[in-house]
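The values are calculated or read from the model by the stated rules, or taken from the named source; none is laboratory data. Here the structure is a predicted model, which means the values were calculated and not measured. Note that we place each Cβ from the backbone using ideal geometry, even for glycine, and neighbour counts take in every protein chain shown.
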Amino acid sequence: MGSTLRIVNGRVHDPANGVDGKTRDICIKDGKIVKSVPPKTKCVDAKGMVVMPGGVDIHCHIAGAKANIARKLQPDDHRRDIHRRMELEKINTRSGTGGTVPSTFTTGYRYATLGYTTAMEAAAPPLLARHTLEELDDTPVIDKGFYILMGNNVLLYKMLQEERHEEIRNAVAWWLNATKSYTTKLVSPGSDEPWKGHRNATITQLNDKIDGFEQLTPRKIITSMVNTVDDLGLPHPVHIHCNNLGHSGNYKTTLETMKAADGRRIHVTHIQFHSYGGKPDGEPTSKAPEIAEYINNNPNITADVGQVMFGKSTSMTADAPLAWMLTRYSNDKRWVNADTECESGCGIIPFAYQERVYTHALQWATGLELFLLSKDPWRMVLSTDHPNGGAFTSYPRLIRTLMDREFRKQQMESVNQRAVAKIKRGHHMEREYTLQEIAIITRAGPARILGLKNKGHLGPGADADITIYDEHEDKELMFSAPRYVIKDGRLIIDNHEFRNNHEGKILHVSPLYDEGIEDVIRPFVEDFYTIRFDNYAVSDHYAPRREVIPTTKQ
Amino acid sequence: MMRVAEKAKSEGNIKIVEDATCTFCGCLCDDMVLTVDVDAKKITKAKNACVLGKALFLNYEEEDRPFALIGGKEATTAEAVEEAAQILANARFPIIYGMSDTTCETQRKAVGLMDMLGGTIDSTTSVCHGPTGMALQGVGESTATLGEIKNRADLVIYWGGNPAESLPRHFARYAVTAKGMYTPNRKKDRTIVNIDVRHTKSVPVADIFIQVKPGADFELLWALRALVKNRHVDPNIEKKTGVSMKTMKDLVERMKNCRYGVLFFGMGLTMTRGRHFNSAAILSLGSDLNEYTHFIATPMRGHGNVTGADTVVAWQTGYPFGVNFSRGYPKFNPGEFTATDMFVRGDADAGLILASDPGSNFTQAAVDHMKKIPMIVLDPKYTHTAKLARVAFTTAHYGINVPGTAYRSDGVPIELRTCLDSKYPSDEEVITAIYRRVEQLLIAKKRSKGANNKRQKAA
Amino acid sequence: MDKTMILVPGRTTKQGVGLIDSKFKKDYREATTTVEINVEDMARLGLEDGCKVKLRSADGVVTVKCTGRRTEDLPPGLMFIAYGPPTSKLMGKDTAASGMPLSKHLEVELKRVS
C-alpha cells in the first residue's frame, strides 16, 4: 500500500490502550497503525467524531454450506432487500441480496458499512471447509475466519472412548491445519449420534451416555476439548454452544458446562439462549442473574450474549434436534435437516421473534439482563448469533438499547408484559453502557477473547482497521452510519460514501502436530467417509490472502 | 501441508496420479488411479473408474483443433476474446448458460461477468433439478452427505432415476453395496426399493420394485404421505397409480420402521407432469417421516459440477439459477430468466454457453433462436452448439488439464487434480479475459455516451 | 395405424459413453436413434425389430429405429429412448413458468415408415 494517513481531532476510544475519549492523533502507514507519520500526510479531520477500532464479530453465521442452504431456502427473505452494484472510481462492487442471510458480497459490504472489519463464521463441518473458505473469499472488505465443528466427531469419540488423549491433541491440530480454521467449536456435544442413529432421539444431561459410545458422555467430550485446545495454546479457547439450547431449565446445564472447564479457558457462545429457568417443556424464565454472577466470578469464562432482536431471523445451527424442536413453534413450515458424515448435523428454519409472544419477549429481556448484569465487559461481548437471534444489521439498535435507558424502557413497555414483569423491577435496568464499554463489547473485547493481538485496538503495530462515527444523541443512528471506515489503512467509507473496495484475509491457526497422526486418521477416513484422505485437506489456493495467528506454543 | 494437485509418481514418461476425481457425473468419485503416458499425452489406465469414467479418461486426447473459431474460421484465442467481448458489450439482453462442467472458480467469474453486463445467468440446473430447487423454497428438505447414508441407511428408495446407467458407482460407493459403520454387511444390512415407470437396469439390485403408471408419481407420493399420517386414502388410487394399497401400506411400514431411511430421486420426477410439485411431494414425504425415524430425501444430480453451479450462483446472488441482473441487482424468476424460456421466446440477443451443449439438448424452438443470434461457446469438444456459434473457444478439460473445485451432488466440495497439461486455455482464463475486455468496452461506451450528451447540450 | 404412446427419454450407458467420444460419430448416433417399444405393442402395430418409425409430438417429428422390450421391462403404451438430438426435437417448449420443459413424458404418435 505504501500510503500514510493521519486522523486528527477525533475523540478516541481505545480501551485496550486505556484511552477513553481523549482527543489524539492516529497515524497510519502501510496498513498498520504507527507512532508517527511525516507532517505532510493526508489528514482525516475527525472533529466532533468518535474514533474506535473496527468492529470485531466473534460469532456469526455468514458463509458455508448451511448459510447457502438458508439462502436457497428463502428467496422471500431477501427479494425485497436488494444490494445494487456500484461503479466506483477505481473498481466496481458486486450486486447481491440482503435479508437475514445476505449473499457473500453483500455481507462484506454491509459489515463494512456498519464499521465492522472482522467477523468469525462460527460453525463449519471440517469436511465442507472448502465451501466455507470459497464463500469467505467472496466476502469482501472484512478479515474473517471460521471455527470447525468437533463436538460430534466420530473419530474423536472413538479415541476418547479409549482415552487416547495424546492422539486427540494431534488429531485436533491436524484438523485445524487441514481446514485452515481458527478454533474448535462444540455444538451440543453428543447430540448427533442419537439424532442420526436413533430415530431423532435427543440427549439432555451432561452425564447421559451417548448412543454407540457407552463410555462417553457430553461432559467427557467437553473436558477433553477444553484441555486439548488449552494444551495446543490456541489464541481462542474452545467455543461452546452448550447442550439444551432454548430449553426451559437449561441454565443448570450451562453452569455445569462452565464448571466442567475446571478453571481452564472456555468461551460460551450465545449464552442468552442457555440462561433459562422453568421446567422442561414448560414456560421459560430468566436465569440471567445466576449465569451473570457465575461469569463475573470466574475469569476463565468468556461469553457472547446472543441477543434476540424482534423481527425476522433465520435459525440455522449445527444443533439439528433444536431446529426440529423449533418447528413446533414456527408458523413457517419449512424445515431443513442436513447431516454431514461422521462430523455434524444441521438444522435450518425461517423464524420471527415477536414482541407479543411471551417466550420471545423473555428471551429478549434475558439477553439485556446479561448485558446489564455483566461486571466485566471484556468477558461478556455483543452478538446476536447472526442470523439466529437477529441479523448483524440490527447491532446499532442493540447498542442504543444498551446505551439509552429511556429507549429501553419504551421498548420494555411494548412487549409481552408478563414476560418482563419481574425483570423490569431489577435495579440493573437503570444502567447505561458508556461509549467506552460499547467499544469494549464490540471490538476490544472480542479481539482479546479471540487472541487477535493486532485487532481491536489503536496502538502502534495494530492493523489499521478504524471506524469513525459522528457523535449523535441517537446511538442507533450513530452506529448505523459511520462517517469513515478504514480497513488495512484504506478509506473504504469516506464521508459516508462507499468509495473503495478491498479484499480482506483469512485468519487461521496452524498448531504443530506429530505427522504420525495421519496414519490413524487415514484409515478411518477411507473406511467411513466418502472422499479419499489425501483429498481431505484444503490447499493454500482456498485462502489466497491469509494470516496465521500463532499459538502460545509457537 | 499436502497440496492436492501434486500427488503423482513419475517413472520415465509414465506418470501415476492417485486420488484423481472423475467429473463425468454427480458421484464425483475421487479415487481414480490414472496411468498417464506423458509423451503420448494419453491416459492409458483409469483404475476404479466405471464405464463412463473409463470412457472419459481413456478417450481423452488433446484434439488438434483450432484454438478458436470465429464464424467457422480459425482464429486465435485473443481474437476470439475480442469478438466475444464485442458481442456481449453490445448486447441488450445477453445470457450465460451451462456451467455444470467447469470449475467453481470459473463459475464465480462467470456470475461476475453477468453482474457487470446486466444480463441473465442460468445453469443446466434449470433443466435438471431446477424444479427441486423451487420445491426446496416451498417445503425445505432433509438431506445428508453420502457418507452418512453409506454408514447408516438401512432403507434406500430410488424413485424416478436410473443410477445403474447414469451414476454407475452410486450403489457401490454410497448406498447399496457400500460397507459403512453401521452397515458392515453391505446390501444385507439394507432394504433397497426402486420405484419407476419402467424396469430399468437399476431394478435388479432392488429387493422391491414398484411400477408406477407414467405421470402418476405425484398421486402416489401424496397417497404415501397420507398413509404415513394415518389418513384415509381413496381406493381409486390403485387404478390411478397402478400400485396396490397393500404395496403402499407395506412401503409405509418399512419407511416408518427403518432406522435411517433415504429417498433418492431423479428426473423422472422433475421432468414430468407436476415438476416442482413432484419434488415438493417427495421432499415433504422425507420430512414427514422424521416424526417416526431419521429420514432423508435428496435429488440425484447428473453433471460433474452442476451442484457447484447452484452453490456458487446462490452464494453470490441469493438464488440458485435463473438470475437476471438488468436492474443492477439479482432477480430470480424461473420461466422468465431460465435459458429454455429466454431462447424459445426470443428474449436473448446474445448467448455465452459455458461447458454445455444446448444446441443438442434443448428443444427445437430454442435451437432455432440460437441460430439467429450471436452465440459464444467454451468447450473442450466440438459440439452442436459450437457448430451454430459465432465464436467457439477450444478450452482445456477440467479435472484432467485444469485444477479447481467441484461440488458432489450432496454438496461435498472436492479439489480436482490434474494429470496432463493442455495447450488450450482454461474456461477461467477465457472468461477472465472476456471480463477484462468487456469492462474496457463498457467504460468506453459510457464515456462516449457522456461526450454525446455534452455535445447535445452544447448544441 | 397411428397410435398415441408415451415416450420416456433418459440416460443410458451407451449414450453416455458415446457423447464423451463424439456426438458426431456413429456410436452416439446409433445409441440415440433407437426407440424401445413393448413387444406386445409392436406385434399389435405390425412392427419388427429394426424397422423405422416416425414419432410425432406437438413440437416435432423424428424418424428412428425400433427395438422390442418384454412387458416386464417396459409396459404397453410406454416407449423408451436415450437422450439425444431426436428427443430434443420432440421435447416441449412450454415450461409452465418453471424453466423445465416436459422432457420425460412425451405424448407421441407412432407411424411405421419402413
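Table for the structure above
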{"read-out": "Check on B:T200, out of contact with any Ser or Thr (no Cβ under 7 Å at 6 or more places or on another chain), within 13 Å of another protein chain (Cβ to nearest Cβ), part of a loop (DSSP other than H, G, I, E, B) and not basic (K, R)", "value": "yes"}
{"read-out": "Considering residues of the range B:390-435 that are among the charged types (D, E, K, R) and touching a helix residue (DSSP H, G or I) at 6+ places or on another chain (Cβ under 8 Å) only, the residue farthest from B:T143 (Cα to Cα)", "value": "B:R390"}
{"read-out": "Some residue of the range B:271-280 being surrounded by fewer than 18 Cβ atoms within 10 Å (Cβ to Cβ) and at pLDDT below 95", "value": "yes"}
{"read-out": "Qualifying residue in the range A:141-152 (condition: within 20 Å of A:I69 (Cβ to Cβ), without any contact (Cβ under 8 Å) to a residue 60 or more places away in the chain and either buried (at least 24 other Cβ atoms within 10 Å of the Cβ) or in contact with a Leu (Cβ under 8 Å, 6 or more places away or on another chain) (or both))", "value": "yes"}
{"read-out": "Looking only at the range B:312-330, and only at residues there that are out of contact with any helix residue (DSSP H, G or I) (no Cβ under 6 Å at 6 or more places or on another chain) and more than 14 Å from chain C (Cβ to nearest Cβ), the one that is nearest to A:D76 (Cα to Cα)", "value": "B:T317"}
{"read-out": "Residue within the range C:81-92 that is in contact (Cβ under 8 Å) with a residue 12 or more places away in the chain, within 10 Å of chain B (Cβ to nearest Cβ) and within 23 Å of B:I210 (Cα to Cα) present", "value": "yes"}
{"read-out": "The listed residue being closer than 20 Å to B:G302 by Cβ and either touching a Pro at 6+ places or on another chain (Cβ under 6 Å) or within 14 Å of chain C (Cβ to nearest Cβ) (or both), out of B:G359, B:G404", "value": "B:G359"}
{"read-out": "A:R130 among the charged types (D, E, K, R), in contact with a Pro (Cβ under 6 Å, 6 or more places away or on another chain) and farther than 30 Å from A:K220 by Cβ", "value": "yes"}
{"read-out": "Flag for B:G308 being of a type in the set (G, A, S), away from chain C (no Cβ under 14 Å) and over 28 Å from B:A386 (Cβ atoms)", "value": "no"}
{"read-out": "Residue list for the range C:24-44, filter: more than 17 Å from the chain's Cα centre (by Cα) and in a loop (DSSP other than H, G, I, E, B)", "value": "C:F24, C:K25"}
{"read-out": "Within the range A:512-545, considering residues that are in a helix (DSSP H, G or I) and of a type in the set (A, V, I, L, M, F, W, C), the one farthest from the other protein chains (Cβ to nearest Cβ)", "value": "A:V520"}
{"read-out": "Some residue of the range A:181-189 being within 12 Å of another protein chain (Cβ to nearest Cβ), outside any helix (DSSP H, G or I) and buried (at least 24 other Cβ atoms within 10 Å of the Cβ)", "value": "no"}
{"read-out": "Hits in the range B:328-366 - residues which are touching a residue at least 12 places away in the same chain (Cβ under 8 Å), over 22 Å from C:S103 (Cα atoms) and of a type in the set (F, W, Y)", "value": "B:F332"}
{"read-out": "Inter-residue pairs, beta-carbon under 6 Å, first more than 23 Å from A:A323 (Cα to Cα) and in the range A:382-399, second assigned to a loop (DSSP other than H, G, I, E, B), 6+ apart", "value": "A:L398/A:Q307"}
{"read-out": "Positions within the range B:90-107 being surrounded by fewer than 21 Cβ atoms within 10 Å (Cβ to Cβ) and either among the small types (G, A, S) or within 12 Å of another protein chain (Cβ to nearest Cβ) (or both), in sequence order", "value": "B:A91"}
{"read-out": "Positions within the range B:344-366 being of a type in the set (A, V, I, L, M, F, W, C) and closer than 26 Å to B:N59 by Cβ, in sequence order", "value": "B:I353, B:L354, B:A355, B:F362"}
{"read-out": "Pick from the range A:320-342, criterion part of a helix (DSSP H, G or I) and either closer than 19 Å to B:V262 by Cα or facing chain B (nearest Cβ under 7 Å) (or both), ranking: nearest to the chain's Cα centre (by Cα)", "value": "A:A320"}
{"read-out": "Residue tally, condition in contact with a Leu (Cβ under 9 Å, 6 or more places away or on another chain) and over 13 Å from A:D319 (Cα atoms), over the range A:187-225", "value": "13"}
{"read-out": "Residue under evaluation A:I468, criteria (1) surrounded by 21 or more Cβ atoms within 10 Å (Cβ to Cβ); (2) touching a helix residue (DSSP H, G or I) at 6+ places or on another chain (Cβ under 8 Å); (3) not in a helix (DSSP H, G or I), criterion not met", "value": "(2)"}
{"read-out": "Breaking point among (1) aliphatic (A, V, I, L, M); (2) modelled with pLDDT under 95; (3) under 30 Å from C:S88 (Cα atoms), for B:A444", "value": "(3)"}
{"read-out": "Residue within the range B:331-351 that is buried (at least 24 other Cβ atoms within 10 Å of the Cβ), within 14 Å of chain C (Cβ to nearest Cβ) and polar (S, T, N, Q) present", "value": "yes"}
{"read-out": "Residues within the range A:239-283 that are more than 16 Å from the chain's Cα centre (by Cα), surrounded by 24 or more Cβ atoms within 10 Å (Cβ to Cβ) and more than 17 Å from A:H360 (Cβ to Cβ), tallied", "value": "5"}
{"read-out": "Residue within the range B:71-78 that is in contact with a strand residue (DSSP E or B) (Cβ under 7 Å, 6 or more places away or on another chain), at negative phi and buried (at least 22 other Cβ atoms within 10 Å of the Cβ) present", "value": "no"}
{"read-out": "Filter result for B:L251 (over 24 Å from C:L7 (Cα atoms) and not in a helix (DSSP H, G or I))", "value": "no"}
{"read-out": "Qualifying residue in the range B:397-405 (condition: among the hydrophobic types (A, V, I, L, M, F, W, C) and in the same structural domain as B:L88 (by TED's automatic domain parsing))", "value": "no"}
{"read-out": "Residue in the range A:90-111 that is away from chain B (no Cβ under 14 Å) and closer than 19 Å to B:T317 by Cβ present", "value": "yes"}
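Results for (1) under 28 Å from C:V17 (Cβ atoms); (2) touching a helix residue (DSSP H, G or I) at 6+ places or on another chain (Cβ under 7 Å), shown as yes or no for each residue.
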| site | (1), (2) |
| --- | --- |
| B:K7 | yes, yes |
| B:C22 | yes, yes |
| B:K42 | yes, no |
| B:E63 | yes, no |
| B:E83 | no, no |
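Conditions (1) at the interface with chain B (Cβ under 8 Å from one of its Cβ atoms); (2) touching a residue at least 40 places away in the same chain (Cβ under 8 Å); (3) surrounded by 22 or more Cβ atoms within 10 Å (Cβ to Cβ), marked per residue:
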| residue | (1), (2), (3) |
| --- | --- |
| C:G10 | yes, yes, yes |
| C:K14 | no, yes, no |
| C:E36 | no, yes, no |
| C:R44 | no, no, no |
| C:G50 | no, no, no |
| C:D59 | yes, no, no |
| C:T63 | no, yes, no |
| C:R70 | no, no, no |
